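The values are calculated or read from the model by the stated rules, or taken from the named source; none is laboratory data. Computed from a predicted structure; not experimentally measured. Please note: Cβ atoms are built from the backbone with ideal geometry, for glycine as well, and neighbour counts cover all protein chains shown. Accessible surface is based on the protein model in full, side chains and every heavy atom, while ligands, DNA and RNA are left aside. Shrake-Rupley method; radii C 1.70, N 1.55, O 1.52, S 1.80 Å.
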Amino acid sequence: MMRAHLKTLAAALDGWLREGEGYTLWLQAERTDFIRFNHGKVRQAGRVEQAYLDLRLIKGARQATQQLSLSGGEDDLALLEGALPELRAALEQVEDDPFLLLNERPQSGERVQPHRLPPAESMVADILEAADGHDLVGILACGDMSFGFANHLGQFNWQQGESWNFDWSLYSHGDKAVKRNMAGTAWDAASLRRGVAEAAEQLALLKLPLKTLAPGAYRAYFTPAALGSLLGMLNWGGVSEKEVRSKRSPLLKLVEGEARLSPLVSLE
């Protein structure tokens, strides 16, 4: 439905343009279900439906942009038309943009993913079955995402697909829990059950008596997920050219050649 709506908006905008004006439209829309779990039960459920349109008006080498929140109905036409006077006024105030570069050869294309997700209710039922007997905490997000582009040269691009993301943990006691994340474009209940079973095995290790470590050197094992989190922290500005030049990168000594990683570690 939003695909046809974007085409309607673009066609209307074609008729409202003045001589020498051009435009681009960039649409982002979603219809997503969010289900929150606690103690292995559903605690909150809701749906988000929203669509935003970035309208860029162009004249010569000048450009101005405004974002609109769409309803998907006919009132969006009035909303779009009402934005034009404001953008035209803005174009009178801005200078030429030396970085404005438009593709003058329209290249249209579409990519629509087949519908492969079951209803959210079925996914929730699979999660509750897999979590039976466990204190599962997490949130499931699943639904449809759409992205569209159109311009005054007749170009039209559309991409649409479904996906899901389940961020969850099995809780033991205190601050002890096994954290997992699963995502995809097709639902796999069997993979979910295996994931919960594996997390339950790891949860048993967290129930063992704690050992307090004295300061010193110890051999340690990082799971792939833990290593990913560690490298993710290093990436927070670690490989940024700006952070390196401002001397704030945590990898600065590696970049400047003052230090090296252990020969047992390779990083590309």
Practice task
Run down Ile139, Ile127 and say which single residue is modelled with pLDDT of 95 or more, buried (at least 18 other Cβ atoms within 10 Å of the Cβ) and of a type in the set (Val, Ile, Thr).
Solution key: Ile127
Handout entry: Lone qualifier among Glu110, Glu30 - being within 30 Å of Val137 (Cβ to Cβ), at pLDDT 95 or above and either in a strand (DSSP E or B) or within 27 Å of the chain's Cα centre (by Cα) (or both)
Key = Glu30
Exercise for the section: Enumerate the pairs (first residue in region 172-187 and surrounded by 15 or more Cβ atoms within 10 Å (Cβ to Cβ) and outside any strand (DSSP E or B); second residue anywhere and among the hydroxyl-bearing types (Ser, Thr, Tyr) and at pLDDT 90 or above) with beta-carbon separation below 9 Å, excluding pairs fewer than 6 apart on the same chain, so at least 6 apart or on different chains. Expected result: Trp187/Ser122
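Has region 189-204 got at least one residue that is in a strand (DSSP E or B), among the aliphatic types (A, V, I, L, M) and either under 30 Å from Lys59 (Cβ atoms) or out of contact with any Leu (no Cβ under 9 Å at 6 or more places or on another chain) (or both)? Spell out the reasoning first.
Here is the first cut: in region 189-204, the residues in a strand (DSSP E or B) are none.
No; the residues of region 189-204 include none that is in a strand (DSSP E or B), among the aliphatic types (A, V, I, L, M) and either under 30 Å from Lys59 (Cβ atoms) or out of contact with any Leu (no Cβ under 9 Å at 6 or more places or on another chain) (or both).
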Problem - Any pair with Cβ under 7 angstrom, 6 or more apart, that starts in region 64-84 at a residue that is closer than 19 Å to Glu30 by Cβ and open to solvent by 20 Å² or more (accessible area, probe 1.4 Å) and ends at one that is at pLDDT below 95 and in a loop (DSSP other than H, G, I, E, B) - result: Gly72/Met1
Handout entry: Residues satisfying the stated conditions in region 109-124, i.e. surrounded by 12 or more Cβ atoms within 10 Å (Cβ to Cβ) and touching a Phe, Trp or Tyr at 6+ places or on another chain (Cβ under 7 Å)
Key = Leu117, Pro118, Met123
Fill in the blank from the handout: Pairing a residue in region 15-37 that is free of Cβ contacts under 8 Å to residues at least 60 places away in the same chain with any residue that is surrounded by 15 or more Cβ atoms within 10 Å (Cβ to Cβ) and assigned to a strand (DSSP E or B), where Cβ atoms lie under 8 Å and the two sit 6 or more apart in sequence or on different chains, gives Gly20/Lys59
Exercise for the section: Please list, ordered by first then second residue, the pairs with beta carbon atoms under 7 Å, 6 or more apart or interchain, first in region 133-154 and among the small types (Gly, Ala, Ser), second part of a loop (DSSP other than H, G, I, E, B) and open to solvent by 10 Å² or more (accessible area, probe 1.4 Å). Expected result: Gly154/Pro106
Practice task
Please give the helices (runs of 4 or more DSSP H) falling wholly within region 219-258 in which 2 or more residues are charged (D, E, K, R).
Solution key: 241-245
Handout entry: Every residue from region 54-91 that is in a helix (DSSP H, G or I) and under 17 Å from Gly15 (Cβ atoms)
Key = Asp76, Leu77, Ala78, Leu79, Leu80, Glu81, Gly82, Ala83, Leu84, Pro85, Leu87, Arg88
